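Structure record follows, encoded as structure tokens.
The values are calculated or read from the model by the stated rules, or taken from the named source; none is laboratory data. Please read all numbers here as calculations on a predicted model, not as lab measurements. Neighbour counts are summed over all protein chains in view; Cβ atoms, including those assigned to glycine, are modelled from backbone coordinates with ideal geometry. Surface areas here come from the heavy atoms of the whole protein model, side chains and all, with no ligands, DNA or RNA. Shrake-Rupley method; radii C 1.70, N 1.55, O 1.52, S 1.80 Å.
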Amino acid sequence: MQSSANRPRTLAGRSAAELEGLFARGVPPDPALDGRYDGALLHMTLGPGLGMVFDRMADLWLPWLGKRFDAAAQTGENVFDMSAYRAGERLTPAAYRAWWPEDVASYRALRFRTSPPDGLLDPAAEVLRIDYDLPDNPPPLRRITDEVVAVQPGVYLGQAIWRPAGGHRLAWFTLE
């Protein structure tokens, strides 16, 4: 498993308010994201108390390692540590019929499409949208959309959004 020391650290320790400000000033990635990017969960935003519980759990075990993008095809997948494979297979069996080895220690799953529309929570924001609404993904995960902006060269800030009910931010993450 990728240790926390190997995770992107550029945006670590920022408050949710700081991340919101950075995101508002961010720009769509240019050039388009292509290849593998290491990821780190920065904050869960599930409400008082619950977000903190998930943040603490993620400090102990976070099998999500990042994302792999194919800029030409406007697609990609999430990259996970192999330690999560059996748990993921049990929790979301449909998604685990569609997984791909990344290397000996990780695999790819939860395919997505990318597009450059305006933001869901802030229509004035220009973002890279990551859409999980694909037949291979389990129905609950198909309701999540990620948005990513560049905040400095090689550093990208993302937000995961639950689309029903007008959209609600679930988490902040970074890719480098």
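Things to note:
- The residue of segment 157-167 that is surrounded by the fewest Cβ atoms within 10 Å (Cβ to Cβ), among those that are out of contact with any Asp or Glu (no Cβ under 7 Å at 6 or more places or on another chain) and either in contact (Cβ under 8 Å) with a residue 12 or more places away in the chain or among the aromatic types (Phe, Trp, Tyr) (or both), is PRO164.
- Of all residues making up segment 137-165, the number that are in a strand (DSSP E or B) and over 11 Å from the mean Cα position of the chain (by Cα): 6
- Contact map, segment 70-85: first residue under 15 Å from VAL104 (Cβ atoms) and open to solvent by 20 Å² or more (accessible area, probe 1.4 Å), second residue modelled with pLDDT under 90 and β-branched (Val, Ile, Thr), Cβ cut-off under 9 Å, separation 6 or more or different chains; pairs are MET82/VAL104.
- Residues that are at negative phi, in a strand (DSSP E or B) and open to solvent by less than 50 Å² (accessible area, probe 1.4 Å), drawn from segment 110-124: PHE112, THR114, SER115
- The sole residue among VAL151, VAL127 that is in contact with a Gly (Cβ under 7 Å, 6 or more places away or on another chain), open to solvent by 20 Å² or more (accessible area, probe 1.4 Å) and among the β-branched types (Val, Ile, Thr) is VAL151.
- Only listed residue being at pLDDT 90 or above and in a loop (DSSP other than H, G, I, E, B), chosen from LEU134, LEU170: LEU134
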